[in-house]
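To keep things clear, I will list the structure first and then write my remarks on it.
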Amino acid sequence: MFWEPERECMDREELKQLQLEQLQATLSRVYMNVPFYRRKFDEMRVDPDEFRSLDDLRKLPFTTKNDLRDNYPYGLFAVPLREVVRIHASSGTTGMSTVVGYSKNDIKNWSNLVARVLTAGGVTKDDVVQIAFGYSLFTGGFGLHYGAERIGASVIPISSGNTARQIKIMQDFRTTALVCTPSYALLIADTIQEMGIDINALSLKYGLFGAEPWSEKMRQEIQDKLRIIATDNYGLSEVMGPGVAGECLQRNGLHINEDHFLVEIINPDTLEPVAPGEIGELVITTLTKEAFPVIRFRTRDLTRLMAEPCPCGRKTAKMLRVMGRTDDMLIIRGVNVFPSQIENVLMSVEGTEPHYQIVVDRKSALDEVTVMVEVSESIFFDEMKKQAQLIETIKKRLSSELSISVNVKLVEKKTIERAEGKAKRVIDNRKL
Amino acid sequence: MLRIRNLESGYDRLKVLRHISIHVSSGEIVTIIGANGAGKTTLLKTIAGLIRAQAGEMLFEKQEITRLSPERIVFLGCSLVPEGRQVFAPMTVRENLILGGYVQYQRNKKNEVDADLDRIFGLFPRLKEREAQLAGTLSGGEQQMLAIGRALMARPKLIMMDEPSMGLAPLIVKDIFATVRRLRDEGSTVLLVEQNAKAALGIADRGYVLETGRIILEENAEDLLSNRDVQRAYLGRDLDTETKI
């Protein structure tokens, strides 16, 4: 099922032409209307009129979250405020919030792009969609809401939190599709189990999860516990919000809406493009945004592009699920460590639960990492020997993956705090 | 059908168009709107081969046309209805149309010219009525019909129109635009350049906004109509007074 097949299955050559046209128009507009970009282009001696091919993108300056903060609140808007119909701010996972605006057309495009993602994830107008993302300055709630409404689905704007009520509504309103963060989906699943509710009595069929990195094992867990098809979707408020990319039912990579976003993958240290298919930082340039266009925005999200054609028929490029953030990256004794690497190892070990926390301390000038992971009850109450074995296994695998040694601590189920929004995976106690 | 990349064009040392990239897909009505002097006519004339491009590439049905003569471009199936009609005043309506079908002789399809003529007369019954009249004696609206008819006689795959509404009474404009739509419905592809942005966007599928030789917006026509910049600049709506309470 496609929402806009003529765009999603567009011939690559035609897409490249469209991208070039839109990029040239976007550059002309930002140069004309946004003093920040004009100054930056002038400083780097970039003349938007000299822009000939998509490869010229590499000559353009990057835009970072700091640039957005420096221009707080409206400095990067490309249209007068009276043409802005909506204002959102970033969810502030990292530091101070940044402000973004939408014109009437931006909202329309946004709704359509989210509708694409929802359709790719199995949602149709016949579905009852429960949106358990926060409805606030955060783009998650409203973004998914408008997209689901665009499709014609029945939307329940329940917002996040109050898990017992979420479950009651899910039962009573016969929710068929759940939209939230993956960690919240797990919390809901566990709570359903605890409350002794028969999962088969629910009407849930699909889950569309995003706003934080998650793993394949976590997907399996959610799918098994909730008996749904779970897909991943991606977006960020600085670029638009949800709707940038989303998985189809193949569940193997997220289709990027390339007719609206131009993506690059760069090495976050050298800022040079990585070789095709290599992991690096995702950089996005908007092609159609009117109120808040961004040029080469550094997302800080780590992923790689997948070149293989998708059996679903979409011809848009796919990106691997986000593996983590460049600023999540911990430097432990000089080694770069991503929480997602740790998660992947934990998920591959039998007996662990998908809840963990990474604690970093500095003891006498030496960094020490302790991974706390929940284990199933049977193991926790089992003999010491088995526990010790499990710890050894995890330690071994972690040190071979990370090339540093870490401490591992098994904790009882429910010991690690559950988040209703984004899960807090790392506690860094180092005073650097 | 038509794909243009980084086209630069102008007159001698005066550069009017700067790196224009546009495309027209088969079966579309695409409009280019923009103020006087933005470069709209220059763009169409460059595509038609009447002005030599200074840089860039133009592909018509995957064939490079950047260095081709105007006759060759018409032969390939891309015709222009020029600004200000430019009908041959001392010739009759019928003669003007036959002249437009000249390329069919080159294509060895001269036996189809009569049928084409009937088709044009079917499309514009007024022209049939005035078949033997000199083109110079026609009204503005009739001349526009004749100019369109003359271009259609070449059996174009893509028909480009430069300001077909210029100087015409609103009712006639409506007729002309209804005809454009009909042409599309019958399978033609249209690239329409207009100052009358509202009328053009009303019938178009997609549009580009051209400003001082640069494309600054590409969107579907409906979205352009609701774009406030476009409304203020080209649709004659003064939003500042409208929003006052």
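Do you know the relative contact order of chain A, to the nearest whole percent, from alpha carbon pairs under 8 angstrom that are 6+ apart?
Relative CO of chain A lands at 14 percent.
Springs between alpha-carbon pairs under 10 angstrom, Gaussian network model over chain B: which of B:80, B:235, B:225 fluctuates most?
B:235
Over the residues of the stretch A:330-428, compute the C-alpha Rg and express it relative to 2.2 N^0.38 Å.
1.05
What net charge is computed for the residues neighbouring residue B:23, neighbours being all others with C-beta under 11 Å from the C-beta of residue B:23, Lys and Arg scored +1, Asp and Glu -1?
Local net charge: -1.
Name the residue, out of A:62, A:77, A:381, whose mean-square fluctuation peaks in a Gaussian network model built on chain A with Cα pairs under 10 Å.
Residue with maximal mean-square fluctuation among A:62, A:77, A:381: A:381.
Roughly how many Å is it from the Cα centre of the stretch A:244-277 to that of the stretch A:298-357, as a whole number?
What the calculation gives is 13 Å, centre to centre.
Compare the Cα positions of A:34, A:236, B:135 along the charge dipole of the protein assembly as shown (+1 at Cβ of Lys, Arg; -1 at Cβ of Asp, Glu; about the Cα centre) and return the one farthest towards the positive end.
B:135
I'd like the distance separating the alpha-carbon centroids of the stretch A:21-73 and the stretch B:176-221, in whole Å.
Centre-to-centre (Cα) distance: 29 Å.
Mind checking the alpha-carbon convex hull of the stretch A:205-305 and giving the volume per residue in Å³?
Looking at the stretch A:205-305, the number lands at 108 Å³ per residue.
Nearest 20 debye, what's the magnitude of the dipole of chain B about its Cα centre given +1 on Lys and Arg Cβ and -1 on Asp and Glu Cβ?
480
Using alpha carbon coordinates only, what is the Rg to Rh ratio of the stretch A:111-269, with Rh defined as the Kirkwood radius?
Using only Cα positions, Rg/Rh for the stretch A:111-269 is 0.96.
So which lysines pass the test for residue A:217, namely a Cα distance under 25 Å, with those fewer than 8 places away in the same chain ruled out?
By straight Cα distance, residue A:217 reaches A:205, A:225, A:318, A:386, A:395, A:396, A:409, A:413, A:414, A:422, A:424.
Identify, among A:177, B:179, A:218, the residue whose Cα sits farthest towards the positive end of the charge dipole of the protein assembly as shown, taking +1 on the Cβ of Lys and Arg and -1 on the Cβ of Asp and Glu, with the dipole about the Cα centre.
Farthest towards the positive end: B:179.
Suppose we look only past 30 Å in the calculated P(r) of the stretch A:1-326. What percent of the Cα-Cα pairs does that tail hold?
Every Cα pair in the stretch A:1-326 considered, those over 30 Å come to 32 percent.
Would you kindly calculate the translational diffusion coefficient of the stretch A:60-181, applying Stokes-Einstein with the Kirkwood radius from alpha carbon pairs, for 4 °C and a viscosity of 1.567 mPa s, and quote it in µm² s⁻¹ without decimals?
In µm²/s, the coefficient is 82.
Most exposed first by the Cβ proxy, i.e. fewest other Cβ within 10 Å, how do B:175, A:361 rank?
Listed from fewest to most nearby Cβ atoms, that is A:361, B:175.
For the stretch A:374-432 and the stretch B:75-110, write down the distance between their C-alpha centroids in whole Å.
81
Of the residues A:148, A:317, A:177, which exhibits the maximal mean-square fluctuation in a Gaussian network model of chain A defined by a 10 Å Cα contact cut-off?
The residue that fluctuates most here is A:317.
Rank the residues A:145, A:255 as a footprinting-exposure proxy: fewest other Cβ atoms within 10 Å of their Cβ go first.
By the 10 Å Cβ count, ascending, the order reads A:145, A:255.
Which GluC sites (Glu not before Pro) in the stretch B:98-145 sit in a loop by DSSP (not H, G, I, E or B) and have at most 14 other Cβ atoms within 10 Å of their own Cβ?
Passing both the DSSP loop test and the Cβ count: B:131.
At 7 Å along the Cα-to-beta-carbon direction for both residue B:88 and residue B:36, put a label point, then send me their distance in nm to one decimal.
Result: 3.2 nm between the two label points.
With the dipole of the protein assembly as shown worked out from charges on the C-beta (+1 for Lys and Arg, -1 for Asp and Glu) around the Cα centre, which of A:3, A:123, A:389 lies farthest toward the positive end?
Of the candidates, A:3 comes out farthest on the positive side.
Magnitude of the Cβ-charge dipole of the stretch A:1-326, K/R +1 and D/E -1, about the Cα centre, nearest 20 debye?
The dipole magnitude comes to about 580 debye.
Can you show me the helix-derived [θ] at 222 nm for the protein assembly as shown, built from DSSP H runs with n ≥ 4 at -39,500 (n - 2.57) apiece and divided by the number of residues, rounded to the nearest 500.
Using -39500 (n - 2.57) per qualifying helix, the result is -10000 deg cm²/dmol.
What are the trypsin sites (Lys or Arg not before Pro) within the stretch A:62-169 that DSSP puts in a loop, where the Cβ has at most 16 other Cβ atoms within 10 Å?
A:125
Rank the residues A:316, B:66, A:415 as a footprinting-exposure proxy: fewest other Cβ atoms within 10 Å of their Cβ go first.
A:415, B:66, A:316
Helix A:384-402 versus the longest principal axis of chain A: what angle, 0 to 90°, nearest 10, using Cα atoms?
Around 20 degrees separate the two axes.
Residues in the stretch A:265-291, backbone N under 11 Å from the label point at residue A:58 (7 Å along the Cα-to-beta-carbon vector): list them, ranges by number please.
Within reach of a label on residue A:58, which here means backbone N under 11 Å from a point 7 Å along Cα→Cβ, the stretch A:265-291 contributes A:272-275.
So what does log10 I(q)/I(0) come out to for the stretch A:20-67 at q = 0.21 Å⁻¹, using the Debye formula with one equal point on every Cα and no solvent?
-0.70
Looking at chain B from every direction and averaging, what is the projected area of its Cα convex hull in nm²?
Dividing the Cα hull surface by four gives the mean projection, 13.7 nm².
Please tell me the relative contact order of the stretch A:320-362 in percent, rounded to the nearest whole number, where contacts are Cα pairs under 8 Å and at least six residues apart.
24
Note the per residue figure in Å³ for the convex hull of the C-alpha positions in the protein assembly as shown.
Output value, Cα hull per residue: 185 Å³.
Ignore the peptide's own chain and count Cβ atoms of other chains within 10 Å of each Cβ in A:22-30; give me the average, rounded.
Mean shielding by partner chains, rounded to a whole number: 6.
Where in the stretch A:381-418 does the amide nitrogen come within less than 11 Å of the point 7 Å from the Cα of residue A:348, taken along Cα to Cβ?
A:397-402
Give me the base-10 log of I(q)/I(0) for the stretch B:51-162 at each q in 0.20, 0.22, 0.23 Å⁻¹, Debye formula, one uniform scatterer per Cα, rounded to two decimals.
-1.03, -1.18, -1.25
Measuring from a point 7 Å past the Cα of residue B:232 along Cα-to-C-beta, which residues in the stretch B:15-39 have an amide N at less than 17 Å?
B:34-35
What FRET efficiency do you get for residue A:430 and residue A:38 if R0 is 41 Å and r is their Cβ-Cβ distance, rounded to the nearest 0.05?
0.50
Counting Lys and Arg as +1 and Asp and Glu as -1, each charge on the Cβ, what is the dipole of the protein assembly as shown about the Cα centre in debye, to the nearest 20?
680
Take the cross-link list A:40/A:104; B:40/B:157; A:104/B:15 and give me the ones stretching past 32 Å between alpha-carbons.
Too far apart for the 32 Å limit: A:104/B:15.
Each value in this text was obtained by applying a stated rule to the coordinates, not by laboratory testing. Just so you know, these numbers come straight off a predicted model, no measurement behind them. Positions of Cβ are backbone-derived with ideal geometry, glycine not excepted, and every protein chain shown enters the neighbour counts.
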